[in-house]
1. Exactly one condition in (1) on the phi < 0 side of the Ramachandran plot; (2) modelled with pLDDT under 95; (3) touching a Lys or Arg at 6+ places or on another chain (Cβ under 8 Å); (4) surrounded by fewer than 24 Cβ atoms within 10 Å (Cβ to Cβ) is false for Ile436; which is it?
2. Six or more apart or on different chains, Cβ under 7 Å: which pairs go from a residue in the range 308-329 that's under 19 Å from Ile290 (Cα atoms) to one that's open to solvent by 20 Å² or more (accessible area, probe 1.4 Å) and among the β-branched types (Val, Ile, Thr)? Could you list them?
3. Give me the residue from the range 212-265 that is in contact with a helix residue (DSSP H, G or I) (Cβ under 7 Å, 6 or more places away or on another chain) and polar (S, T, N, Q) and, out of that set, nearest to Cys285 (Cα to Cα).
4. Has the range 291-306 got any residue that is under 22 Å from Gly354 (Cα atoms), touching a helix residue (DSSP H, G or I) at 6+ places or on another chain (Cβ under 9 Å) and not hydrophobic (A, V, I, L, M, F, W, C)?
5. If I go through the range 292-305 residue by residue, how many of them are part of a loop (DSSP other than H, G, I, E, B) and open to solvent by 10 Å² or more (accessible area, probe 1.4 Å)?
6. So which of Asp184, Asp197 is charged (D, E, K, R) and either buried (at least 20 other Cβ atoms within 10 Å of the Cβ) or at pLDDT below 95 (or both)?
7. Go through (1) assigned by TED's automatic domain parsing to the domain that holds Phe262; (2) within 20 Å of the chain's Cα centre (by Cα); (3) not acidic (Asp, Glu); (4) not in a helix (DSSP H, G or I) for Tyr375 and report which single condition fails.
8. Pull up the range 259-291, narrow it to residues that are polar (S, T, N, Q) and part of a loop (DSSP other than H, G, I, E, B), then point me to the one that is least open to solvent (accessible area, probe 1.4 Å).
Amino acid sequence: MKKKRIILLSLTLTAVLGILSGCGDGAATEDVGTEVDGRTEGAAGNIQGSSVFTGELEHNVTIRVLENDTAISKGYAKELLDAFNQEYAEYGIKAVDANMDQYLDLANDGPYGYGPDVLYQANDVIMQYTEGKHIYPIPVQEMECYDQIPEIAWNAYETEVGGNTYCCGVPVNVQAPMLYYRKDMLPENWETEWDKDGNGVCDIVENWNAMYAFSVLRHEENPLNYGYMKALYDVYFSGGFLFSYGGYLFGENNTNPEDIGFSAGEAEKGAWVLSQLAGAMNEECIDNTINTTVYGKIADGTYFATLSTPDVYSTFVGELAKAYEGEGMSDKEANELATENLMMASVPKLPESGDLSEENPSLLDPKSMGGINGYAVSSYTKAPNACLAFVEFATSFEMMKLRNEMLGVAPAREDVAEAVGGVSRQLYENLEKGNIILMPSIREVSQIWTPGETFFIDIAKDAFRNAEEKKYKELPDLKKGLEQVDSQIHDAIFTLK
(Lines give C-alpha, C1' and ligand atoms only; values in the text may rest on other atoms or scores of the structure.)
Protein backbone atom coordinates (compact mmCIF):
# COMPACT_ATOMS: atom_id res chain seq x y z
CA MET A 1 0.00 0.00 0.00
CA LYS A 2 1.09 3.55 -0.60
CA LYS A 3 1.26 4.44 3.05
CA LYS A 4 2.03 8.12 2.93
CA ARG A 5 0.98 8.98 -0.64
CA ILE A 6 -1.28 11.71 0.72
CA ILE A 7 1.80 13.76 1.64
CA LEU A 8 2.98 13.74 -1.95
CA LEU A 9 -0.23 15.35 -3.08
CA SER A 10 0.98 18.72 -1.89
CA LEU A 11 3.54 18.84 -4.69
CA THR A 12 0.89 18.63 -7.38
CA LEU A 13 -1.83 20.57 -5.60
CA THR A 14 0.01 23.83 -5.20
CA ALA A 15 -1.71 25.12 -8.33
CA VAL A 16 -5.09 23.96 -7.10
CA LEU A 17 -6.37 27.01 -5.27
CA GLY A 18 -10.00 25.99 -4.96
CA ILE A 19 -13.13 25.54 -6.94
CA LEU A 20 -16.06 27.55 -8.15
CA SER A 21 -19.64 27.31 -7.01
CA GLY A 22 -20.07 23.62 -7.82
CA CYS A 23 -18.67 22.29 -4.54
CA GLY A 24 -16.35 23.50 -1.81
CA ASP A 25 -14.80 26.94 -1.79
CA GLY A 26 -11.93 28.98 -3.20
CA ALA A 27 -10.85 30.51 -6.48
CA ALA A 28 -10.45 29.03 -9.93
CA THR A 29 -7.28 27.17 -10.85
CA GLU A 30 -4.88 27.59 -13.71
CA ASP A 31 -5.54 24.83 -16.27
CA VAL A 32 -3.26 23.24 -18.81
CA GLY A 33 -3.92 20.32 -21.12
CA THR A 34 -2.92 16.96 -19.73
CA GLU A 35 -2.90 13.42 -20.99
CA VAL A 36 -4.79 10.87 -18.93
CA ASP A 37 -5.17 7.20 -19.90
CA GLY A 38 -4.06 8.06 -23.42
CA ARG A 39 -6.67 10.78 -23.92
CA THR A 40 -5.68 14.43 -24.05
CA GLU A 41 -7.79 16.73 -21.97
CA GLY A 42 -7.92 20.46 -22.40
CA ALA A 43 -8.59 23.10 -19.83
CA ALA A 44 -12.22 22.11 -19.40
CA GLY A 45 -11.30 18.47 -18.94
CA ASN A 46 -8.80 18.81 -16.11
CA ILE A 47 -10.17 17.42 -12.88
CA GLN A 48 -9.70 19.85 -10.02
CA GLY A 49 -9.73 19.36 -6.26
CA SER A 50 -10.41 21.59 -3.29
CA SER A 51 -7.68 23.79 -1.82
CA VAL A 52 -8.22 22.19 1.59
CA PHE A 53 -6.23 19.17 0.44
CA THR A 54 -2.81 20.59 1.16
CA GLY A 55 -1.06 17.27 1.67
CA GLU A 56 -0.34 18.12 5.30
CA LEU A 57 -1.89 15.43 7.47
CA GLU A 58 -3.77 16.59 10.54
CA HIS A 59 -2.34 14.90 13.64
CA ASN A 60 -4.20 13.42 16.60
CA VAL A 61 -7.63 13.47 14.99
CA THR A 62 -10.54 11.06 14.85
CA ILE A 63 -12.48 10.74 11.62
CA ARG A 64 -15.92 9.19 11.46
CA VAL A 65 -16.51 6.83 8.55
CA LEU A 66 -19.99 5.92 7.32
CA GLU A 67 -19.94 2.48 5.66
CA ASN A 68 -22.98 0.55 4.51
CA ASP A 69 -24.78 -1.92 6.76
CA THR A 70 -23.57 -5.00 4.90
CA ALA A 71 -19.91 -4.02 5.26
CA ILE A 72 -20.47 -3.54 8.97
CA SER A 73 -22.47 -6.73 9.60
CA LYS A 74 -20.06 -8.91 7.62
CA GLY A 75 -17.01 -7.53 9.40
CA TYR A 76 -15.34 -5.76 6.48
CA ALA A 77 -15.73 -2.30 7.97
CA LYS A 78 -13.89 -3.38 11.11
CA GLU A 79 -11.08 -4.95 9.05
CA LEU A 80 -10.72 -1.72 7.07
CA LEU A 81 -10.75 0.58 10.09
CA ASP A 82 -8.31 -1.56 12.05
CA ALA A 83 -5.88 -1.77 9.12
CA PHE A 84 -6.00 1.98 8.50
CA ASN A 85 -5.56 2.82 12.17
CA GLN A 86 -2.50 0.62 12.39
CA GLU A 87 -1.02 2.23 9.27
CA TYR A 88 -1.56 5.80 10.52
CA ALA A 89 -1.04 5.30 14.26
CA GLU A 90 2.19 7.34 14.22
CA TYR A 91 0.18 10.42 13.22
CA GLY A 92 -2.44 9.92 15.91
CA ILE A 93 -5.09 9.53 13.18
CA LYS A 94 -7.92 7.20 14.08
CA ALA A 95 -10.89 6.20 11.92
CA VAL A 96 -14.03 4.98 13.68
CA ASP A 97 -17.45 3.73 12.65
CA ALA A 98 -19.70 6.77 12.35
CA ASN A 99 -22.44 4.67 13.96
CA MET A 100 -25.11 6.35 11.86
CA ASP A 101 -27.86 5.20 9.54
CA GLN A 102 -26.37 4.38 6.13
CA TYR A 103 -29.10 6.54 4.58
CA LEU A 104 -28.10 9.62 6.57
CA ASP A 105 -28.98 12.91 4.86
CA LEU A 106 -25.74 14.89 4.95
CA ALA A 107 -27.39 17.99 3.48
CA ASN A 108 -29.66 18.37 6.49
CA ASP A 109 -27.50 16.89 9.23
CA GLY A 110 -24.00 17.97 8.24
CA PRO A 111 -24.37 21.70 8.98
CA TYR A 112 -25.35 20.86 12.56
CA GLY A 113 -22.33 18.64 13.18
CA TYR A 114 -24.25 15.40 12.90
CA GLY A 115 -22.63 13.65 10.02
CA PRO A 116 -19.64 11.54 8.99
CA ASP A 117 -16.28 12.84 7.81
CA VAL A 118 -16.11 10.17 5.09
CA LEU A 119 -19.21 8.60 3.61
CA TYR A 120 -19.76 5.59 1.37
CA GLN A 121 -22.89 5.83 -0.80
CA ALA A 122 -24.16 5.43 -4.36
CA ASN A 123 -23.15 8.00 -6.97
CA ASP A 124 -26.65 9.45 -7.37
CA VAL A 125 -26.83 10.08 -3.61
CA ILE A 126 -23.35 11.55 -3.31
CA MET A 127 -23.73 13.87 -6.29
CA GLN A 128 -26.88 15.42 -4.88
CA TYR A 129 -24.67 16.84 -2.13
CA THR A 130 -22.64 18.92 -4.60
CA GLU A 131 -25.37 21.50 -5.09
CA GLY A 132 -25.18 22.65 -1.50
CA LYS A 133 -21.38 22.27 -1.25
CA HIS A 134 -21.79 19.50 1.32
CA ILE A 135 -18.85 17.48 -0.04
CA TYR A 136 -15.40 18.41 -1.27
CA PRO A 137 -14.03 17.98 -4.79
CA ILE A 138 -11.21 15.43 -4.57
CA PRO A 139 -7.87 15.59 -6.46
CA VAL A 140 -8.49 12.15 -7.93
CA GLN A 141 -5.87 12.33 -10.69
CA GLU A 142 -3.19 12.19 -8.02
CA MET A 143 -4.61 9.07 -6.39
CA GLU A 144 -3.03 5.66 -6.89
CA CYS A 145 -6.37 4.15 -8.01
CA TYR A 146 -7.03 6.73 -10.75
CA ASP A 147 -5.61 4.85 -13.73
CA GLN A 148 -7.23 1.58 -12.64
CA ILE A 149 -10.81 2.87 -12.65
CA PRO A 150 -12.62 3.32 -16.00
CA GLU A 151 -13.58 6.74 -17.24
CA ILE A 152 -17.30 5.91 -17.15
CA ALA A 153 -17.05 5.29 -13.39
CA TRP A 154 -15.26 8.59 -12.77
CA ASN A 155 -17.86 10.36 -14.91
CA ALA A 156 -20.53 9.32 -12.42
CA TYR A 157 -18.87 11.58 -9.84
CA GLU A 158 -17.94 14.52 -12.04
CA THR A 159 -19.53 17.93 -12.20
CA GLU A 160 -18.55 20.84 -14.41
CA VAL A 161 -18.47 24.42 -13.21
CA GLY A 162 -17.16 27.39 -15.15
CA GLY A 163 -15.43 25.20 -17.72
CA ASN A 164 -13.60 23.16 -15.08
CA THR A 165 -14.37 19.58 -14.09
CA TYR A 166 -14.51 18.56 -10.46
CA CYS A 167 -14.74 14.99 -9.15
CA CYS A 168 -16.59 14.67 -5.88
CA GLY A 169 -16.30 10.95 -5.22
CA VAL A 170 -13.99 7.97 -5.63
CA PRO A 171 -15.56 4.82 -7.16
CA VAL A 172 -15.26 1.64 -5.11
CA ASN A 173 -17.57 -0.95 -6.60
CA VAL A 174 -20.01 -1.48 -9.44
CA GLN A 175 -23.63 -2.13 -8.50
CA ALA A 176 -25.94 -3.73 -11.06
CA PRO A 177 -28.48 -6.56 -11.08
CA MET A 178 -27.12 -10.10 -11.16
CA LEU A 179 -28.95 -13.40 -11.47
CA TYR A 180 -28.81 -15.49 -8.30
CA TYR A 181 -29.82 -19.14 -8.65
CA ARG A 182 -29.42 -22.60 -7.13
CA LYS A 183 -27.10 -24.75 -9.25
CA ASP A 184 -28.29 -27.92 -7.52
CA MET A 185 -31.86 -27.22 -8.68
CA LEU A 186 -31.08 -27.21 -12.38
CA PRO A 187 -32.73 -30.12 -14.24
CA GLU A 188 -30.60 -33.24 -14.19
CA ASN A 189 -30.92 -33.45 -17.96
CA TRP A 190 -29.99 -29.84 -18.66
CA GLU A 191 -26.91 -30.78 -20.68
CA THR A 192 -29.05 -32.66 -23.21
CA GLU A 193 -32.37 -30.79 -23.00
CA TRP A 194 -31.53 -27.25 -21.84
CA ASP A 195 -28.36 -26.37 -23.76
CA LYS A 196 -29.49 -25.74 -27.32
CA ASP A 197 -26.38 -23.84 -28.31
CA GLY A 198 -24.11 -26.52 -26.88
CA ASN A 199 -21.87 -24.07 -25.06
CA GLY A 200 -21.86 -26.01 -21.81
CA VAL A 201 -24.00 -23.45 -19.96
CA CYS A 202 -27.63 -24.16 -19.12
CA ASP A 203 -30.03 -22.08 -21.25
CA ILE A 204 -32.19 -21.44 -18.19
CA VAL A 205 -29.63 -19.03 -16.78
CA GLU A 206 -28.59 -17.64 -20.18
CA ASN A 207 -31.86 -16.38 -21.66
CA TRP A 208 -35.24 -15.33 -20.34
CA ASN A 209 -37.21 -17.60 -22.69
CA ALA A 210 -35.67 -20.70 -21.13
CA MET A 211 -36.00 -19.23 -17.63
CA TYR A 212 -39.69 -18.55 -18.25
CA ALA A 213 -40.31 -22.07 -19.59
CA PHE A 214 -38.51 -23.60 -16.60
CA SER A 215 -40.44 -21.40 -14.16
CA VAL A 216 -43.77 -22.53 -15.61
CA LEU A 217 -42.66 -26.18 -15.55
CA ARG A 218 -41.37 -26.03 -11.96
CA HIS A 219 -44.59 -24.51 -10.66
CA GLU A 220 -46.70 -27.06 -12.55
CA GLU A 221 -44.72 -29.91 -11.00
CA ASN A 222 -45.12 -28.48 -7.49
CA PRO A 223 -47.57 -25.60 -6.87
CA LEU A 224 -45.51 -24.54 -3.84
CA ASN A 225 -42.36 -23.98 -5.88
CA TYR A 226 -41.46 -21.23 -8.32
CA GLY A 227 -38.69 -20.59 -10.79
CA TYR A 228 -37.77 -16.90 -11.17
CA MET A 229 -39.24 -14.59 -8.54
CA LYS A 230 -38.77 -10.85 -8.07
CA ALA A 231 -40.63 -7.79 -6.82
CA LEU A 232 -41.49 -6.16 -10.14
CA TYR A 233 -42.40 -2.76 -8.71
CA ASP A 234 -38.71 -1.95 -8.24
CA VAL A 235 -37.68 0.53 -10.95
CA TYR A 236 -34.00 -0.18 -10.35
CA PHE A 237 -34.41 -3.80 -11.44
CA SER A 238 -37.36 -3.56 -13.85
CA GLY A 239 -36.12 -0.44 -15.64
CA GLY A 240 -33.40 -2.40 -17.40
CA PHE A 241 -36.01 -4.38 -19.33
CA LEU A 242 -37.20 -1.10 -20.88
CA PHE A 243 -33.68 0.14 -21.62
CA SER A 244 -32.85 -3.11 -23.42
CA TYR A 245 -35.40 -2.21 -26.10
CA GLY A 246 -34.54 1.46 -26.52
CA GLY A 247 -35.93 3.17 -23.43
CA TYR A 248 -33.83 5.49 -21.29
CA LEU A 249 -34.08 7.70 -18.23
CA PHE A 250 -32.98 11.16 -19.35
CA GLY A 251 -31.49 12.41 -22.58
CA GLU A 252 -27.92 13.55 -23.25
CA ASN A 253 -26.35 10.76 -21.20
CA ASN A 254 -28.77 11.20 -18.33
CA THR A 255 -28.06 14.91 -17.92
CA ASN A 256 -31.16 16.44 -19.57
CA PRO A 257 -34.26 16.02 -17.37
CA GLU A 258 -36.47 17.65 -20.01
CA ASP A 259 -35.99 14.57 -22.19
CA ILE A 260 -37.59 11.58 -20.46
CA GLY A 261 -37.49 8.27 -22.31
CA PHE A 262 -39.21 5.45 -20.44
CA SER A 263 -41.40 4.97 -23.53
CA ALA A 264 -38.67 5.50 -26.15
CA GLY A 265 -37.83 2.97 -28.85
CA GLU A 266 -39.65 -0.29 -28.32
CA ALA A 267 -39.57 -0.11 -24.54
CA GLU A 268 -43.06 -1.61 -24.44
CA LYS A 269 -41.48 -4.97 -25.36
CA GLY A 270 -39.53 -4.84 -22.11
CA ALA A 271 -42.75 -4.17 -20.22
CA TRP A 272 -44.31 -7.15 -22.00
CA VAL A 273 -41.43 -9.37 -20.86
CA LEU A 274 -42.09 -8.34 -17.27
CA SER A 275 -45.79 -9.05 -17.70
CA GLN A 276 -45.05 -12.56 -18.95
CA LEU A 277 -42.61 -13.24 -16.11
CA ALA A 278 -45.24 -12.12 -13.59
CA GLY A 279 -47.56 -14.80 -14.98
CA ALA A 280 -45.23 -17.48 -13.63
CA MET A 281 -44.99 -15.89 -10.16
CA ASN A 282 -47.32 -15.44 -7.21
CA GLU A 283 -48.73 -12.18 -5.90
CA GLU A 284 -45.62 -11.50 -3.83
CA CYS A 285 -44.19 -10.00 -7.02
CA ILE A 286 -46.54 -7.02 -6.68
CA ASP A 287 -44.98 -5.38 -3.62
CA ASN A 288 -41.78 -5.52 -1.62
CA THR A 289 -42.60 -8.72 0.29
CA ILE A 290 -40.02 -10.71 -1.67
CA ASN A 291 -37.26 -8.27 -0.74
CA THR A 292 -37.22 -9.59 2.82
CA THR A 293 -38.20 -13.23 2.23
CA VAL A 294 -36.14 -14.04 -0.85
CA TYR A 295 -32.99 -15.09 1.00
CA GLY A 296 -34.82 -17.72 2.99
CA LYS A 297 -36.93 -18.91 0.08
CA ILE A 298 -33.92 -19.36 -2.17
CA ALA A 299 -32.32 -21.26 0.71
CA ASP A 300 -35.28 -23.59 1.32
CA GLY A 301 -35.80 -24.20 -2.40
CA THR A 302 -39.14 -22.41 -2.77
CA TYR A 303 -37.57 -20.12 -5.38
CA PHE A 304 -35.01 -21.15 -7.95
CA ALA A 305 -33.73 -17.71 -8.98
CA THR A 306 -34.01 -13.96 -8.47
CA LEU A 307 -32.25 -10.73 -9.38
CA SER A 308 -30.27 -8.80 -6.81
CA THR A 309 -27.03 -6.86 -6.47
CA PRO A 310 -23.56 -8.30 -5.79
CA ASP A 311 -23.31 -6.74 -2.33
CA VAL A 312 -25.84 -9.21 -0.90
CA TYR A 313 -24.04 -12.33 -2.11
CA SER A 314 -22.77 -13.13 1.38
CA THR A 315 -26.32 -12.88 2.74
CA PHE A 316 -27.62 -15.42 0.22
CA VAL A 317 -24.74 -17.78 0.97
CA GLY A 318 -25.25 -17.35 4.71
CA GLU A 319 -28.94 -18.25 4.54
CA LEU A 320 -28.26 -21.30 2.40
CA ALA A 321 -25.53 -22.42 4.80
CA LYS A 322 -28.01 -22.14 7.69
CA ALA A 323 -30.44 -24.35 5.78
CA TYR A 324 -27.74 -26.97 5.31
CA GLU A 325 -26.78 -26.76 8.98
CA GLY A 326 -30.41 -27.47 9.81
CA GLU A 327 -30.00 -30.73 7.91
CA GLY A 328 -27.19 -31.76 10.23
CA MET A 329 -24.10 -30.51 8.40
CA SER A 330 -21.13 -28.95 10.19
CA ASP A 331 -20.47 -25.23 9.74
CA LYS A 332 -17.59 -25.94 7.37
CA GLU A 333 -19.54 -28.44 5.27
CA ALA A 334 -22.57 -26.14 5.12
CA ASN A 335 -20.54 -23.12 4.01
CA GLU A 336 -18.65 -25.09 1.39
CA LEU A 337 -21.83 -26.56 -0.10
CA ALA A 338 -23.63 -23.22 0.02
CA THR A 339 -20.77 -21.54 -1.84
CA GLU A 340 -20.82 -24.35 -4.41
CA ASN A 341 -24.57 -24.24 -5.05
CA LEU A 342 -25.41 -20.52 -4.77
CA MET A 343 -24.49 -19.09 -8.15
CA MET A 344 -24.33 -15.52 -9.41
CA ALA A 345 -24.39 -14.81 -13.15
CA SER A 346 -25.02 -12.00 -15.61
CA VAL A 347 -28.62 -11.02 -16.38
CA PRO A 348 -30.02 -13.41 -19.03
CA LYS A 349 -30.41 -12.35 -22.66
CA LEU A 350 -33.75 -11.19 -24.02
CA PRO A 351 -35.71 -12.15 -27.14
CA GLU A 352 -35.66 -9.43 -29.79
CA SER A 353 -39.41 -9.96 -30.24
CA GLY A 354 -40.18 -9.61 -26.54
CA ASP A 355 -42.10 -12.91 -26.70
CA LEU A 356 -40.93 -15.33 -23.99
CA SER A 357 -42.86 -18.22 -25.52
CA GLU A 358 -40.99 -17.96 -28.83
CA GLU A 359 -38.88 -20.99 -29.68
CA ASN A 360 -35.37 -20.42 -30.99
CA PRO A 361 -35.58 -16.63 -30.54
CA SER A 362 -33.00 -14.15 -31.73
CA LEU A 363 -31.46 -12.83 -28.55
CA LEU A 364 -30.10 -9.44 -27.51
CA ASP A 365 -27.84 -8.40 -24.67
CA PRO A 366 -29.76 -6.95 -21.72
CA LYS A 367 -29.15 -3.54 -20.28
CA SER A 368 -29.46 -2.92 -16.57
CA MET A 369 -29.81 0.08 -14.33
CA GLY A 370 -26.77 0.30 -12.10
CA GLY A 371 -24.67 2.55 -9.98
CA ILE A 372 -21.19 3.17 -8.68
CA ASN A 373 -20.80 3.12 -4.93
CA GLY A 374 -17.92 5.17 -3.66
CA TYR A 375 -16.41 7.42 -1.04
CA ALA A 376 -16.86 11.15 -0.56
CA VAL A 377 -15.37 13.60 1.93
CA SER A 378 -17.75 15.82 3.89
CA SER A 379 -17.09 19.55 3.64
CA TYR A 380 -17.90 19.75 7.34
CA THR A 381 -14.91 17.65 8.40
CA LYS A 382 -12.12 19.26 10.41
CA ALA A 383 -9.54 16.83 9.02
CA PRO A 384 -9.87 16.74 5.22
CA ASN A 385 -6.32 15.50 4.58
CA ALA A 386 -6.72 12.63 7.02
CA CYS A 387 -10.01 11.82 5.30
CA LEU A 388 -8.32 11.77 1.91
CA ALA A 389 -5.66 9.48 3.33
CA PHE A 390 -8.41 7.13 4.45
CA VAL A 391 -10.08 7.16 1.02
CA GLU A 392 -6.73 6.44 -0.65
CA PHE A 393 -6.13 3.56 1.77
CA ALA A 394 -9.63 2.13 1.30
CA THR A 395 -9.36 2.20 -2.50
CA SER A 396 -6.00 0.44 -2.60
CA PHE A 397 -5.67 -2.88 -4.42
CA GLU A 398 -5.44 -4.86 -1.19
CA MET A 399 -8.46 -3.34 0.54
CA MET A 400 -10.72 -3.47 -2.53
CA LYS A 401 -9.74 -7.10 -3.06
CA LEU A 402 -10.59 -7.84 0.57
CA ARG A 403 -13.94 -6.07 0.15
CA ASN A 404 -14.66 -8.38 -2.77
CA GLU A 405 -13.63 -11.49 -0.83
CA MET A 406 -15.72 -10.65 2.23
CA LEU A 407 -18.78 -9.07 0.59
CA GLY A 408 -18.84 -10.40 -2.97
CA VAL A 409 -19.06 -6.89 -4.45
CA ALA A 410 -17.65 -6.14 -7.89
CA PRO A 411 -14.63 -3.81 -7.64
CA ALA A 412 -14.38 -0.69 -9.78
CA ARG A 413 -10.61 -1.19 -10.10
CA GLU A 414 -9.65 -3.08 -13.26
CA ASP A 415 -6.64 -4.77 -11.67
CA VAL A 416 -8.76 -6.13 -8.84
CA ALA A 417 -11.50 -7.24 -11.23
CA GLU A 418 -8.88 -9.10 -13.26
CA ALA A 419 -7.38 -10.68 -10.16
CA VAL A 420 -10.67 -12.01 -8.76
CA GLY A 421 -12.20 -12.81 -12.17
CA GLY A 422 -15.63 -14.43 -12.43
CA VAL A 423 -18.66 -12.26 -11.87
CA SER A 424 -16.58 -9.20 -10.98
CA ARG A 425 -14.89 -9.31 -14.36
CA GLN A 426 -18.27 -9.77 -16.08
CA LEU A 427 -19.71 -6.71 -14.36
CA TYR A 428 -16.65 -4.66 -15.17
CA GLU A 429 -16.92 -5.65 -18.85
CA ASN A 430 -20.65 -4.87 -18.92
CA LEU A 431 -19.88 -1.43 -17.51
CA GLU A 432 -17.26 -0.79 -20.19
CA LYS A 433 -19.62 -1.99 -22.95
CA GLY A 434 -22.33 0.43 -21.83
CA ASN A 435 -24.75 -2.34 -20.84
CA ILE A 436 -24.96 -0.92 -17.33
CA ILE A 437 -26.90 2.34 -17.35
CA LEU A 438 -25.60 4.30 -14.39
CA MET A 439 -28.02 6.12 -12.16
CA PRO A 440 -28.15 9.80 -13.15
CA SER A 441 -26.17 12.10 -10.89
CA ILE A 442 -28.79 14.88 -11.09
CA ARG A 443 -31.36 15.60 -8.41
CA GLU A 444 -34.30 15.17 -10.83
CA VAL A 445 -33.77 11.41 -10.68
CA SER A 446 -35.72 11.42 -7.41
CA GLN A 447 -38.90 11.98 -9.42
CA ILE A 448 -38.73 8.76 -11.46
CA TRP A 449 -39.57 6.34 -8.68
CA THR A 450 -43.25 6.88 -7.90
CA PRO A 451 -44.56 7.00 -11.51
CA GLY A 452 -42.31 4.09 -12.47
CA GLU A 453 -43.34 1.98 -9.49
CA THR A 454 -47.03 2.60 -10.14
CA PHE A 455 -46.66 1.38 -13.72
CA PHE A 456 -44.69 -1.75 -12.79
CA ILE A 457 -47.16 -2.60 -10.01
CA ASP A 458 -49.99 -2.43 -12.54
CA ILE A 459 -48.09 -4.80 -14.82
CA ALA A 460 -47.66 -7.26 -11.96
CA LYS A 461 -51.33 -6.98 -10.94
CA ASP A 462 -52.43 -7.68 -14.51
CA ALA A 463 -51.07 -11.21 -14.20
CA PHE A 464 -53.70 -11.91 -11.54
CA ARG A 465 -56.66 -10.15 -13.17
CA ASN A 466 -59.12 -11.84 -15.48
CA ALA A 467 -58.98 -11.01 -19.19
CA GLU A 468 -61.64 -8.30 -19.01
CA GLU A 469 -60.02 -6.50 -16.09
CA LYS A 470 -56.48 -6.41 -17.46
CA LYS A 471 -55.17 -2.88 -17.84
CA TYR A 472 -52.60 -3.66 -20.53
CA LYS A 473 -54.00 -6.14 -23.05
CA GLU A 474 -51.73 -5.39 -26.03
CA LEU A 475 -48.35 -3.80 -26.77
CA PRO A 476 -49.94 -0.45 -27.73
CA ASP A 477 -51.53 -0.35 -24.26
CA LEU A 478 -48.12 -0.80 -22.67
CA LYS A 479 -46.72 1.94 -24.91
CA LYS A 480 -49.42 4.35 -23.76
CA GLY A 481 -48.76 3.41 -20.14
CA LEU A 482 -45.07 4.21 -20.53
CA GLU A 483 -45.88 7.52 -22.23
CA GLN A 484 -47.97 8.39 -19.18
CA VAL A 485 -44.99 7.57 -16.98
CA ASP A 486 -42.88 10.02 -19.02
CA SER A 487 -45.55 12.67 -18.64
CA GLN A 488 -45.93 12.11 -14.90
CA ILE A 489 -42.19 12.35 -14.32
CA HIS A 490 -42.03 15.54 -16.39
CA ASP A 491 -44.88 17.07 -14.39
CA ALA A 492 -43.25 16.12 -11.11
CA ILE A 493 -40.01 17.80 -12.16
CA PHE A 494 -41.27 20.95 -13.86
CA THR A 495 -44.96 21.52 -13.11
CA LEU A 496 -45.53 20.36 -9.58
CA LYS A 497 -42.54 22.08 -7.96
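1. The failed condition is (4).
2. Pro310/Val423; Asp311/Thr70; Val312/Thr70; Val317/Thr339
3. Ranking the qualifying residues of the range 212-265, first place goes to Ser238.
4. Step one: of the range 291-306, the residues under 22 Å from Gly354 (Cα atoms) are 305-306.
When the remaining residues are screened for being touching a helix residue (DSSP H, G or I) at 6+ places or on another chain (Cβ under 9 Å), the result is 305-306.
Going one step further and asking which of them are not hydrophobic (A, V, I, L, M, F, W, C), we end up with 306.
For the range 291-306, residues under 22 Å from Gly354 (Cα atoms), touching a helix residue (DSSP H, G or I) at 6+ places or on another chain (Cβ under 9 Å) and not hydrophobic (A, V, I, L, M, F, W, C): present.
5. Taking the range 292-305 as the starting set, the residues that turn out to be part of a loop (DSSP other than H, G, I, E, B) are 300-302.
Cutting the leftovers down to open to solvent by 10 Å² or more (accessible area, probe 1.4 Å) gives us 300, 302.
Of the residues in the range 292-305, 2 are part of a loop (DSSP other than H, G, I, E, B) and open to solvent by 10 Å² or more (accessible area, probe 1.4 Å).
6. Values: Asp184 fails: either buried (at least 20 other Cβ atoms within 10 Å of the Cβ) or at pLDDT below 95 (or both).
Of Asp184, Asp197, the one residue that is charged (D, E, K, R) and either buried (at least 20 other Cβ atoms within 10 Å of the Cβ) or at pLDDT below 95 (or both) is Asp197.
7. In the conditions (1) assigned by TED's automatic domain parsing to the domain that holds Phe262; (2) within 20 Å of the chain's Cα centre (by Cα); (3) not acidic (Asp, Glu); (4) not in a helix (DSSP H, G or I), Tyr375 misses (1) alone.
8. So the first thing to find is which residues in the range 259-291 are polar (S, T, N, Q), and the list is 263, 275-276, 282, 288-289, 291.
With the extra rule that they be part of a loop (DSSP other than H, G, I, E, B), the set shrinks to 263, 282, 288.
On the way: Ser263: 18, Asn282: 33, Asn288: 89 Å².
So the residue we want is Ser263.
The values are calculated or read from the model by the stated rules, or taken from the named source; none is laboratory data. Not measured: the values here are computed from a predicted model. Note that we place each Cβ from the backbone using ideal geometry, even for glycine, and neighbour counts take in every protein chain shown. Calculation scope for accessible area: heavy atoms of the full protein, side chains included, ligands and nucleic acids excluded. Shrake-Rupley method; radii C 1.70, N 1.55, O 1.52, S 1.80 Å.
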